[in-house]
Amino acid sequence: MSAEPIRLVVCDIDGTLLRGSETAIAPAVFAQVRRLDEKGILFCPASGRQHASMQRLFAGVGVKIPYICENGGLVFAPGNSGALLGKTPMRRDLAMRLCGDILAVPDCELVASGAETSYICLKHPEFPDYIRSFVGNNVSMISRPEDIPEDVVKISAYCRQGAAVARTVLAPAWQTHFSVAIAGECWLDFTRSDKGRGLRQLCTALDIPLSAVVAIGDNYNDVPMLSIAAHPYIMDTAAEELRQRFPNHCANAEDVLSRL
């Protein structure tokens, strides 16, 4: 790393801090975050997850941290009740049309994200419980997308046949309007923002240069933040294309944190 001191570590959650079927952040990660805080280095989770889900995951960390949520659609200042630093809503008419397209795809579930709630139009009865219990989101059931009472900051298609299938079907019509990113094996996310934009908003608000930022991720929705951070790391489990693009690899995020 360069001689400039590191001031911020921004880190993906699913596939990076949480691997496989894990649902809780390892105590070793919390210990490293507290150690970095003592050195004046801020840790920020960056995820497609909801703010409330991320707060629950990091409830035991013991220090104030910021959050980049909904793939950069929302950015919160350090602290569990941190101020909203950035919000990038989707244009409502386009968001409603996209919701309709996702609902029309067989075996695809729709999750539309507000500031603190995931809105779901029921197709399969087990899906809301999956979002509540495994993902940890606040969930509201709606009859139709037009019933969403607030700005939409992210729309996700959960495709049981795989995110690549959903991308083939949905991306051609929507990639000129929104950022489209594979966010997991079954998840395809649409936003007006991305993790790179969220990182820029956070760095501007906290007066931290990108040259002082470490970023860690594992998937295509991490590329925008990995591309602008001075010190990007990609997980060993990432796609070959991503491992070729980013030369710094790691087996787990704790190893990177321990070296700072």
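Just list whichever of 154/195; 39/195; 87/154 have alpha carbons separated by over 18 Å in the model shown.
Values: 154/195 12 Å; 39/195 25 Å; 87/154 11 Å.
39/195, as the Cα separations exceed 18 Å there.
Can you list residues whose amide H is under 5 Å from residue 44's amide H, if they're 5+ apart or on another chain and H is modeled 1.01 Å from N?
Under 5 Å from the amide H of residue 44: 9, 10, 11.
Under a 10 Å cutoff between Cα atoms, tell me which one of 153, 180, 169 has the largest fluctuation in the Gaussian network model of the chain.
169
Assuming R0 = 51 Å, what is the FRET efficiency of residue 160 and residue 4, from their Cβ-Cβ distance, to the nearest 0.05?
Values: r = 46 Å, r/R0 = 0.89.
E(calc), rounded to 0.05, equals 0.65.
Would you mind working out the magnitude of the charge dipole of segment 53-142 relative to its Cα centre, with +1 at each Lys and Arg C-beta and -1 at each Asp and Glu C-beta, to the nearest 20 Debye?
Values: 8 positive and 8 negative charges, 73 e Å.
Result for segment 53-142 is approximately 340 debye, rounded to the nearest 20.
Treat every Asp and Glu Cβ in the chain as -1 and every Lys and Arg Cβ as +1, leave all other atoms uncharged, and give the resulting dipole magnitude about the Cα centre to the nearest 20 debye. Don't skip to the answer; put the middle values down first.
Working: 25 positive and 29 negative charges, 95 e Å.
In total the dipole reaches around 460 debye.
Run the helix sum for the chain: -39,500 (n - 2.57) per DSSP H stretch of 4+ residues, divided by residue count, reported at 222 nm to the nearest 500 deg cm²/dmol.
On the way: 9 runs with 77 residues, N = 260.
So the helix-based figure for the chain works out to -8000 deg cm²/dmol.
Considering only DSSP states other than H, G, I, E and B, which GluC sites (Glu not before Pro) in segment 78-171 qualify as loop sites with at most 14 other Cβ atoms within 10 Å?
Working: sites: 109, 116, 126, 146, 150; in loops: 116, 126, 150.
Counting only loop positions with at most 14 other Cβ atoms within 10 Å, the GluC sites (Glu not before Pro) in segment 78-171 are 126, 150.
Apply the Karplus curve 6.51 cos²θ - 1.76 cosθ + 1.60, θ = phi - 60°, to the phi angles in segment 27-41 and return the couplings in whole Hz, x for Gly and Pro.
Per-residue couplings from phi come out as x, 4, 5, 4, 4, 5, 4, 5, 5, 5, 4, 5, 8, x, 9 Hz.
Rank 88, 43, 121 by how far each Cα sits towards the positive end of the charge dipole of segment 35-125 (+1 on Lys, Arg Cβ; -1 on Asp, Glu Cβ) and give me just the farthest.
43
Every read-out reported here was derived from the displayed coordinates using simple, explicitly stated rules and does not represent laboratory data. The model shown is predicted, which means the values in this text are computed figures rather than measured ones. Methodologically, a virtual Cβ is constructed for each residue, glycine included, from the backbone with ideal geometry; neighbour enumeration extends over all protein chains shown.
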